[in-house]
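The values are calculated or read from the model by the stated rules, or taken from the named source; none is laboratory data. On a predicted model such as this, the values are computed, not experimentally measured, just so you know. Backbone-built Cβ (ideal geometry, glycine too); neighbour counts: all protein chains shown.
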Amino acid sequence: MNPSFTDEERQFQQQAREFLTAEFPADIRHKVEQRIPLEKDDYVRWQKILFRKGWVAPNWPVEYGGTGWTAVQKYIFAEEMARIGAPEPVAFGVKMVGPVIFTYGNEEQKQRFLPDILESNVWWCQGYSEPNAGSDLASLKTTAVRDGDHYIVNGTKTWNTLGQHADWIFCLVRTDSRVKKQEGISFLLIDMKTPGIRLSPIYLIDGTPEVNEVHFDNVRVPVANRIGEENQGWTYAKVLLTHERTNIAGVPRSKVRLEKLCALAARTPDGQGGVLLDEPVFRNRLAEAQIQCLALEYAELRALAAVSVGKAPGPESSILKIVGSELAQSIDTLYMEMAALQSLPYVPEQFAVDFGGEVIGQDAAAATALTYFNNRKASIYGGSNEIQKNIICKAVLGL
Amino acid sequence: MDFSFSEEQQMLQESVQKFVQRHYSFEARRAIVASEAGYSPQHWDLFAELGWLMVPFREEDGGFGARATDLMVLMEAFGHAMVVEPFIPTAVLGGGLIAALGSAAQKDAMLGKIMEGSVQIAAGLYEEGSRFNLTNVQTRVQSRGEDYVLDGSKILVLNGSNADQLLVSARTAGEPCDAEGISLFLIDANSAGVHRYGYPTVDGHRAAQIRLDGVKVPASALLGPVGGCLPALEQAVDRAALCLSAEAVGAMDALLQKTVEYSKTRKQFGAPLSAFQALQHRMANMFIECQLARSIVLMAAMKLDSDIGAAEKAKAVSAAKSRVGRAIRLVGQEAVQLHGGIGITDELDVGHLFKRITAIETLFGNTDFHTRRFASL
């Protein structure tokens, strides 16, 4: 047993830190720190920097442009990224569709799609959930009917994140409705410019149009854009989920947020002449969150260690998803409570770079309630925490 | 023992419910929230016409009796529909302070206008570093001849941008956090040196940050005894906190009702969500929280209407605000979680109810603050 990093790992940590300090653009960092929403160009510009360093896709095999890092190195890198506030590459390309393409796609598809994902030339989005297929995803009803060399796709996808920026969408579609629901699903790649696709934004309670509904009205998709076999899409989608598991617990980000919270609470007045960090109830809850973060970190390290000796990631990732999302949400709550009354103003325009008016509240206080509202999604998306518990019951406890 | 509503309370409840049904659909509310003022002056006139603006005032002041139980009935019905009209800032807090502390002349000048709906009031009581501590007042006062000059800054002044009159706490003696030395001033919101930065709050209400920059006011602007306003201030804020707690009871009830309904219609895995026992139990927990919140608010309202001492009343309100705050976290989060993604969309009322009760948890002292205050009293 050895819980500490090796010398090589520490060296790598140093190298990663130096790279990020030097290369993460100051203007994007400013936006992240000031909670100014990032634009498409910010993501793309940053991902291209990572690409040039060869570090955009740690979870890809080396032959397709991956880093060849060990699980521990990936962990270190994620932690350094969180520390500096650098956004991870948009998940839909690098983490989601990329692995499906290099695992199940044919040669032509690999050559056609993978380089543009690595270079951030093409923005991908996801077409999984439907208005009536959420937790029960396999009951999806968007149809793809064969017509010569094409499929004709009809239906509606929802909770499509940042599709307004996307060039392509990967979709689960029904190609056979006579068989068991999991067995009639195919995996299609669809160009968003194809006639018949319409996006309607869904505004969330924090006021942002972060997600969309995507409507498909007789959309013609070449059969050549199907990944793997017809009706095998569910299998591919499940494999994709194991790749999504990298860093699913969000430990690095939670750790950094807790450190910042401590620093902020140490200079936030408690209203009685002292500071909030010394207020026993708040301090206690903050400590509980830190303890939970430590437990989760070691749960994740154990899982990583298992993967690094060749075991496939198992249902323990459900633990990481549940505990990680709930920890993040409890940190959201602590931030909101720290900000107290100043969590309540809704003044999104004051975060704009060129805002010249009277700023309401302190930087640290602003938008904490909005973050709390928005991040209730964390226990809903990616397989809701209820679904994760079902997985634990079935796959681990044998219930 | 009798917990049933009086005939008058039933009528009050029915009249609010009727108003809400007729005028306060979720879509109608959305339009009001998006309007310039952020509330409906027409509705405000109707509140006056229906006598609701008299509810916070004693009969000798021309009011309806100033019973906390009546306010509870009214606010709970408001909570169901997320009414955004500034009833608490103007009628409960502002009006309550003037009724409690005002001279005969001040009461004559203001109370009638409040009840007929022709004046809006906002109370600036919190400052950047004060958190929820009403004694932590750094706004300074200097005497200049017959006049006073005020300098300071107030945060999250509810209804601050729409108010005609501002009530501000200021320190005429002592150090921040001293109980003595706090005075109240009733000033024209458009006085020279008053800078108001209005904004919407995350729950669709309106507030303002207010800077007082050498604001010169006559001695007649003083409300209540110089340096001795804290007791009345605490009582008025407690009333507002109780009103908010009652509003939360109504809003949580709506959330529970909507969640139960949704669970019966939303089908996944071939069955309605309501068929899954794990989810049934979570709705049972929401119900328990709603009932406890309702119970403790009733307790506090009845105590405020009794003739027990001030400390005991304060303790009852802190108990209610603290316990309701705990219920708010569970009911709000579970309502959203059980709805899934749709629960955090702007389109559905559930997310808006969630935001409103979350704001209520913070306003006039959050759960931690009131738990601590309960223990200290």
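I want to confirm something. Restricting to the range B:261-284 and keeping residues that are of a type in the set (S, T, N, Q) and in contact with a helix residue (DSSP H, G or I) (Cβ under 8 Å, 6 or more places away or on another chain), which single residue is surrounded by the fewest Cβ atoms within 10 Å (Cβ to Cβ)? Outline the logic, then answer.
Initial filter on the range B:261-284 (of a type in the set (S, T, N, Q)): B:263, B:265, B:268, B:274, B:277, B:280.
Checking the rest, the ones that are also in contact with a helix residue (DSSP H, G or I) (Cβ under 8 Å, 6 or more places away or on another chain) come to B:263, B:268, B:274, B:280.
Numbers: B:S263: 19, B:Q268: 18, B:S274: 19, B:Q280: 14.
Among those residues, the one meeting the criterion is B:Q280.
Kindly provide the set of residues from the range B:248-295 that are charged (D, E, K, R) and within 32 Å of the chain's Cα centre (by Cα), ordered by number.
Within the range B:248-295, the first condition is being charged (D, E, K, R), and the residues that meet it are B:253, B:258, B:261, B:264, B:266-267, B:282, B:289, B:294.
Those that are charged (D, E, K, R) and within 32 Å of the chain's Cα centre (by Cα): B:D253, B:K258, B:E261, B:R282, B:E289, B:R294.
If B:R329 passes every condition in (1) surrounded by 19 or more Cβ atoms within 10 Å (Cβ to Cβ); (2) within 12 Å of another protein chain (Cβ to nearest Cβ) but one, which one does it miss?
The failed condition is (1).
Output yes when any residue across the range A:257-267 is within 14 Å of another protein chain (Cβ to nearest Cβ) and crowded, with 21+ Cβ neighbours inside 10 Å, and no when none is.
The answer is yes; a qualifying residue exists.
Of all residues in the range A:79-103 being part of a loop (DSSP other than H, G, I, E, B) and either hydrophobic (A, V, I, L, M, F, W, C) or over 21 Å from A:G54 (Cβ atoms) (or both), which is nearest to the chain's Cα centre (by Cα)? I'd like the intermediate steps shown before the answer.
We begin by selecting, within the range A:79-103, every residue part of a loop (DSSP other than H, G, I, E, B); these are A:85-90.
Applying the additional criterion that residues be either hydrophobic (A, V, I, L, M, F, W, C) or over 21 Å from A:G54 (Cβ atoms) (or both) yields A:85-86, A:90.
Working: A:G85: 15, A:A86: 13, A:V90: 7 Å.
Among those that are part of a loop (DSSP other than H, G, I, E, B) and either hydrophobic (A, V, I, L, M, F, W, C) or over 21 Å from A:G54 (Cβ atoms) (or both), it is A:V90.
May I ask you to verify whether A:S379 is away from every other protein chain (no Cβ under 13 Å), farther than 19 Å from A:E79 by Cα, crowded, with 20+ Cβ neighbours inside 10 Å and not aromatic (F, W, Y)?
Numbers: away from every other protein chain (no Cβ under 13 Å): no; farther than 19 Å from A:E79 by Cα: yes; crowded, with 20+ Cβ neighbours inside 10 Å: yes; not aromatic (F, W, Y): yes.
So A:S379 fails the test.
Would you mention how many residues in the range A:359-376 are in a loop (DSSP other than H, G, I, E, B) and either more than 7 Å from chain B (Cβ to nearest Cβ) or free of Cβ contacts under 8 Å to residues at least 12 places away in the same chain (or both)? Even if it seems obvious, please write down each step before you answer.
Of all residues in the range A:359-376, those in a loop (DSSP other than H, G, I, E, B) come to A:359-367.
When the remaining residues are screened for being either more than 7 Å from chain B (Cβ to nearest Cβ) or free of Cβ contacts under 8 Å to residues at least 12 places away in the same chain (or both), the result is A:359, A:361-367.
Result for the range A:359-376: 8.
Give the residues of the range B:177-235 that are more than 20 Å from the chain's Cα centre (by Cα) and in a helix (DSSP H, G or I), sorted by residue number.
B:A219, B:S220, B:A221
Looking for whichever is closer than 17 Å to B:L363 by Cα, of a type in the set (A, V, I, L, M) and out of contact with any Phe, Trp or Tyr (no Cβ under 9 Å at 6 or more places or on another chain) here; the options are B:L158, B:L134, B:L184. Which one fits? Walk me through it before giving the result.
Values: B:L134 fails: out of contact with any Phe, Trp or Tyr (no Cβ under 9 Å at 6 or more places or on another chain); B:L184 fails: closer than 17 Å to B:L363 by Cα.
Answer to the check: B:L158.
Give the residues of the range A:334-358 that are surrounded by fewer than 18 Cβ atoms within 10 Å (Cβ to Cβ) and either closer than 23 Å to B:N133 by Cα or facing another protein chain (nearest Cβ under 7 Å) (or both), sorted by residue number.
Within the range A:334-358, just A:E358 meets the criteria.
From (1) more than 21 Å from the chain's Cα centre (by Cα); (2) surrounded by fewer than 17 Cβ atoms within 10 Å (Cβ to Cβ); (3) in contact (Cβ under 8 Å) with a residue 12 or more places away in the chain, pick out the condition that doesn't hold for A:Q14.
It fails just one condition, (3).
Limited to the range B:19-53, what total is found for residues that are closer than 23 Å to B:A301 by Cβ, aliphatic (A, V, I, L, M) and touching an Asp or Glu at 6+ places or on another chain (Cβ under 9 Å)?
1
This table checks each residue for (1) surrounded by fewer than 21 Cβ atoms within 10 Å (Cβ to Cβ); (2) out of contact with any strand residue (DSSP E or B) (no Cβ under 7 Å at 6 or more places or on another chain); (3) without any contact (Cβ under 8 Å) to a residue 24 or more places away in the chain; (4) not basic (K, R).
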residue: B:Q9; (1), (2), (3), (4): yes, yes, no, yes
residue: B:A34; (1), (2), (3), (4): yes, yes, yes, yes
residue: B:P41; (1), (2), (3), (4): yes, yes, yes, yes
residue: B:E59; (1), (2), (3), (4): yes, yes, yes, yes
residue: B:A77; (1), (2), (3), (4): no, yes, no, yes
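Could you check how many residues of the range A:82-128 are within 14 Å of chain B (Cβ to nearest Cβ) and crowded, with 21+ Cβ neighbours inside 10 Å? So that I can check it myself, show each step before the final result.
Let us first name the residues in the range A:82-128 that are within 14 Å of chain B (Cβ to nearest Cβ), namely A:126, A:128.
Still in the list and also crowded, with 21+ Cβ neighbours inside 10 Å: A:126.
Matching residues across the range A:82-128 total 1.
Residue check: is A:L286 of a type outside the set (K, R), within 14 Å of chain B (Cβ to nearest Cβ) and either free of Cβ contacts under 8 Å to residues at least 24 places away in the same chain or farther than 27 Å from A:M96 by Cα (or both)? Talk me through it step by step, then tell me what you get.
On the way: of a type outside the set (K, R): yes; within 14 Å of chain B (Cβ to nearest Cβ): yes; either free of Cβ contacts under 8 Å to residues at least 24 places away in the same chain or farther than 27 Å from A:M96 by Cα (or both): yes.
So A:L286 fits the description; yes.
Among strands (runs of 3 or more DSSP E) lying entirely in the range B:109-167, which contain 3 or more residues that are buried (at least 19 other Cβ atoms within 10 Å of the Cβ)?
Numbers: elements: B:121-124, B:140-144, B:147-158.
Once the strands (runs of 3 or more DSSP E) in the range B:109-167 are filtered for at least 3 residues that are buried (at least 19 other Cβ atoms within 10 Å of the Cβ), what remains is B:121-124, B:147-158.
Any chance the range A:84-93 includes a residue that's under 23 Å from B:G341 (Cα atoms) and of a type in the set (V, I, T)?
Yes.
Within the bounds of the range A:115-123, is there any residue that is under 24 Å from A:N231 (Cα atoms) and touching a His at 6+ places or on another chain (Cβ under 6 Å)?
The first filter runs over the range A:115-123 and keeps only residues under 24 Å from A:N231 (Cα atoms), leaving none.
No: the range A:115-123 contains no residue that is under 24 Å from A:N231 (Cα atoms) and touching a His at 6+ places or on another chain (Cβ under 6 Å).
Can you tell me which of B:A293, B:A278, B:A271, B:A221 is within 25 Å of B:E76 (Cα to Cα) and modelled with pLDDT of 95 or more?
Details: B:A278 fails: within 25 Å of B:E76 (Cα to Cα); B:A271 fails: within 25 Å of B:E76 (Cα to Cα); B:A221 fails: within 25 Å of B:E76 (Cα to Cα).
Just one listed residue meets the conditions, B:A293.
Here is a list of conditions, (1) at the interface with another protein chain (Cβ under 10 Å from one of its Cβ atoms); (2) in a helix (DSSP H, G or I), and A:I319 meets all of them except one; can you say which number that is?
(1)
Tell me whether the range A:140-149 contains one or more residues that are under 19 Å from the mean Cα position of the chain (by Cα), outside the structural domain of A:D42 (by TED's automatic domain parsing) and surrounded by fewer than 23 Cβ atoms within 10 Å (Cβ to Cβ). Walk me through how you get there before you give the answer.
Applying the first criterion (under 19 Å from the mean Cα position of the chain (by Cα)) to the range A:140-149 yields none.
Scanning the range A:140-149 turns up no residue that is under 19 Å from the mean Cα position of the chain (by Cα), outside the structural domain of A:D42 (by TED's automatic domain parsing) and surrounded by fewer than 23 Cβ atoms within 10 Å (Cβ to Cβ).
What about B:I342, is it more than 21 Å from the chain's Cα centre (by Cα) and either within 14 Å of chain A (Cβ to nearest Cβ) or farther than 22 Å from B:P56 by Cα (or both)? Before the answer, list the steps.
Details: more than 21 Å from the chain's Cα centre (by Cα): yes; either within 14 Å of chain A (Cβ to nearest Cβ) or farther than 22 Å from B:P56 by Cα (or both): yes.
Against the criterion (more than 21 Å from the chain's Cα centre (by Cα) and either within 14 Å of chain A (Cβ to nearest Cβ) or farther than 22 Å from B:P56 by Cα (or both)), B:I342 qualifies.
How many residues does the range B:197-219 contain that are of a type outside the set (G, A, S), buried (at least 20 other Cβ atoms within 10 Å of the Cβ) and more than 7 Å from every other protein chain (Cβ to nearest Cβ)?
The total comes to 7.
Among the listed residues A:Y346, A:Y381, which satisfies the condition of being within 20 Å of B:I328 (Cβ to Cβ) and of a type outside the set (D, E, K, R)?
Being within 20 Å of B:I328 (Cβ to Cβ) and of a type outside the set (D, E, K, R) holds for just one of A:Y346, A:Y381, which is A:Y346.
Do we have any residue at all in the range A:104-117 that's touching a residue at least 12 places away in the same chain (Cβ under 8 Å), in contact with a Phe, Trp or Tyr (Cβ under 6 Å, 6 or more places away or on another chain) and not in a helix (DSSP H, G or I)?
No: zero hits.
Could you list all residues from the range A:194-224 that are of a type in the set (S, T, N, Q) and not in a strand (DSSP E or B)?
So in the range A:194-224, the residues of a type in the set (S, T, N, Q) come out as A:194, A:200, A:208, A:212, A:218.
Scanning the range A:194-224 gives A:T194, A:T208.
If A:L327 satisfies every condition in (1) outside any helix (DSSP H, G or I); (2) more than 7 Å from chain B (Cβ to nearest Cβ) but one, which is the exception?
Status for A:L327: all satisfied but (1).
How many of the residues making up the range B:49-82 are out of contact with any helix residue (DSSP H, G or I) (no Cβ under 7 Å at 6 or more places or on another chain) and either not in a loop (DSSP other than H, G, I, E, B) or not charged (D, E, K, R) (or both)?
The number of residues fulfilling the criteria is 5.
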